[in-house]
1. Can you spot a residue in the stretch 72-81 that is open to solvent by 30 Å² or more (accessible area, probe 1.4 Å), under 20 Å from Cys33 (Cβ atoms) and part of a loop (DSSP other than H, G, I, E, B)?
2. From the set of residues in the stretch 40-55 that are crowded, with 17+ Cβ neighbours inside 10 Å and within 8 Å of the chain's Cα centre (by Cα), which is farthest from Arg80 (Cα to Cα)?
3. Exactly one of these conditions fails for His103: (1) surrounded by fewer than 18 Cβ atoms within 10 Å (Cβ to Cβ); (2) at pLDDT 95 or above. Give me its number.
4. Condition first: assigned to a loop (DSSP other than H, G, I, E, B) and open to solvent by 30 Å² or more (accessible area, probe 1.4 Å). Now tell me which residues in the stretch 61-70 satisfy that.
5. So, Ala128, is that one in contact with an Asp or Glu (Cβ under 9 Å, 6 or more places away or on another chain) and open to solvent by less than 10 Å² (accessible area, probe 1.4 Å) or not?
Amino acid sequence: MNKTVMAGALALVSAATCVVALAPAASAAPQACVTQSLTTGGNEGVGTIRYKSASSTCGDLNLTYTNDTSGYANDWFAGRLRRSNGTWFTCSAGYVHAYNGSHSVNDSTYWLCTDVNDNTPFTVASLANGGDSVNITH
């Protein structure tokens, strides 16, 4: 009887060890989207530089908040990406008009850049003047 109990206990410990060994390792689950604040550069300029999140499932740079600090209630904003050679270019959406306030991440009007690769450096430029506050959800 003792041998049977010991064999049964050993089988349970072995099975538990297998279950633990087969459990997936903890990994960083993708985040739905990441939002970062930045200050814009002037027309075709470079403001605060951020990097496209590698843990986000969002592939775009979405303008989700704007505050034109020049005293006007609106401005035109463009997403800009840095190439591997260090030069900057404005995304194909060009300059997008936005009034001060919040903007829906689902409104394609405010998608400044699409299909941005993970870890790509980006910034935002304001057409009228730099120094505006914006949030980019990516």
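1. No, there is no match, as no residue in the stretch 72-81 is open to solvent by 30 Å² or more (accessible area, probe 1.4 Å), under 20 Å from Cys33 (Cβ atoms) and part of a loop (DSSP other than H, G, I, E, B).
2. Per the stated criteria, the residue is Ser53.
3. (1)
4. Passing the criteria: Thr69, Ser70.
5. no
The values are calculated or read from the model by the stated rules, or taken from the named source; none is laboratory data. Bear in mind that the values here come from a model prediction, so they are computed numbers and not experimental data. Using ideal geometry, Cβ is built from the backbone for each residue, glycine included, and neighbour counts are taken over all protein chains shown. Remember, those area values only see protein heavy atoms, side chains included, never the ligands or the DNA or RNA. Shrake-Rupley method; radii C 1.70, N 1.55, O 1.52, S 1.80 Å.
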